[in-house]
Structures are given as structure tokens and as C-alpha cells.
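In what follows, a single structure is set out as C-alpha cells and then discussed.
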Amino acid sequence: MSQKDQIQIAQENLDTHLHQLTPEHVRTFYNEFTEKFRAVYGDIIQAYRTKNVNDYLDYTIKSADLKDGQVILDAGCGIGGPSRYFASKLDLKIEACTISDYQAETGKKLIEDAILSNKVNLQRADYHDIKTLYPANHFDRVLFLESFGHSPKKKELIESAWQ
């Protein structure tokens, strides 16, 4: 079975049981499967995208109205691929968080290697805790790039993001 098939089966299993999962289940899943995702998708772990990932990211910049000078939260950032891309294209500050220890460690290294540490700060954190991690009205934009679907508490998460 190919890595892509393994990922699809694992993702379908995660999606099927999402309402029963805790953030710890999601954390364990991404600690285990991140490298398999990277083998299939590269550093931009966005499964639903165009063939050219830069088209997807440029579209995100436009549709989210990202601009120089903004402060952004990339909630559920994976290894920070989109955050690194946005920071390389725009003069903005990005806070990024992932629940996965493995993704946080890998992402921090990739940010450092890209010489973007002055623009992107990635930490291991549960995005359900954003209202306790960051002050109210701190961000110009909060992005959930395919990560929102993993939340078992969607209403609470949106309310936190609005703050």
C-alpha cells in the first residue's frame, strides 16, 4: 500500500471518529503521520489544493486579505509551511501553533533554516486555548488552513478566534 493510500485511510478514520476524539488523539495522529504527509505533499501539508501549491497559497493571501504590517495566527499550522510562505511574501508577524510535538519541533527548524524567525513564531499549543495564549484583539487574521475540521468544539473555537 502506498504512503498516499495509508494517509488517506488514516485521515478517513480520523474524520469518521472526530466527534469522539480529544485533542490528544489529534496530537498523537500528527506526531505519527507527519512524515508520511510530507512524503506525499511536501512541506505544505494541505491535501485539498491545486497542483501548484503556490497558487493555493497566493489565493489564500488574496482571499484572507493578508497585508504587510498585520499580525496573523496560523491555528493548526502543521510544520508551518503556509506561515513560512506568507512571511516570505509579506512583511507581517505570524504566531503559529500546532498540537503536535513533532510538527512544532520540525517547523521551528524549518523556520530557522528559512531565516524567518523574526517573522514567524511557532509553538506547540492546542488552538482551543487561543484565548488564554494570546490577548484579546491581538490578531488581524486567524487562519485555520484545513485544521478547523479537527476541532470537536467548533462553536467554542470560533468564539475564541473572534476575541
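The values are calculated or read from the model by the stated rules, or taken from the named source; none is laboratory data. None of these values were measured; they are calculated from a predicted model. When we count neighbours, we look across all protein chains shown, and the Cβ atoms used for this are built from the backbone with ideal geometry, even at glycine. Side chains are part of the model used for accessible areas, which takes the heavy atoms of the whole protein and leaves out ligands, DNA and RNA. Shrake-Rupley method; radii C 1.70, N 1.55, O 1.52, S 1.80 Å.
Straight-line reach from LYS131: taking Cα to Cα under 17 Å and skipping same-chain neighbours fewer than 8 places apart, the lysines in range are LYS153, LYS154, LYS155. Listed values for segment 67-82 are Karplus-derived 3J(HN,Hα) couplings in whole Hz (6.51 cos²θ - 1.76 cosθ + 1.60, θ = phi - 60°), namely 9, 3, x, 7, 10, 10, 10, 9, 8, x, 7, x, 8, x, x, x, and x replaces Gly and Pro. Most tightly packed first, judged by the mean number of other beta-carbon atoms within 10 Å of their residues, the peptides 122-131, 77-86, 94-103 read 77-86, 94-103, 122-131. Sequence-ordered 3J(HN,Hα) estimates for segment 99-105 from the Karplus curve with 6.51, -1.76 and 1.60 and θ = phi - 60° stand at 7, 8, 4, 4, 5, 4, 4 Hz, glycine and proline given as x.
For LYS36, the lysines whose Cα falls under 20 Å of its own Cα, not counting residues fewer than eight places away in the same chain, are LYS4, LYS51, LYS108, LYS109.
Annotation: amide H of VAL142 within the under-5 Å range of LEU73, sequence separation 5 or more or interchain, hydrogens built in the peptide plane.
Of PHE37, PHE139, the residue with the largest accessible area leads and the full order is PHE139, PHE37 (1.4 Å probe). Any idea what diffusion coefficient segment 78-159 gets from Stokes-Einstein, in µm²/s, Kirkwood Rh on alpha carbon pairs, 25 °C, 0.890 mPa s? Here the translational diffusion coefficient equals 185 µm²/s. Karplus-based coupling profile of segment 52-61, in residue order and whole Hz: 9, 4, 5, 4, 4, 5, 5, 4, 5, 4, with θ = phi - 60° in 6.51 cos²θ - 1.76 cosθ + 1.60 and x standing for Gly or Pro.
The value of relative contact order for segment 27-99, using C-alpha pairs under 8 Å at least six residues apart, is 30 percent.
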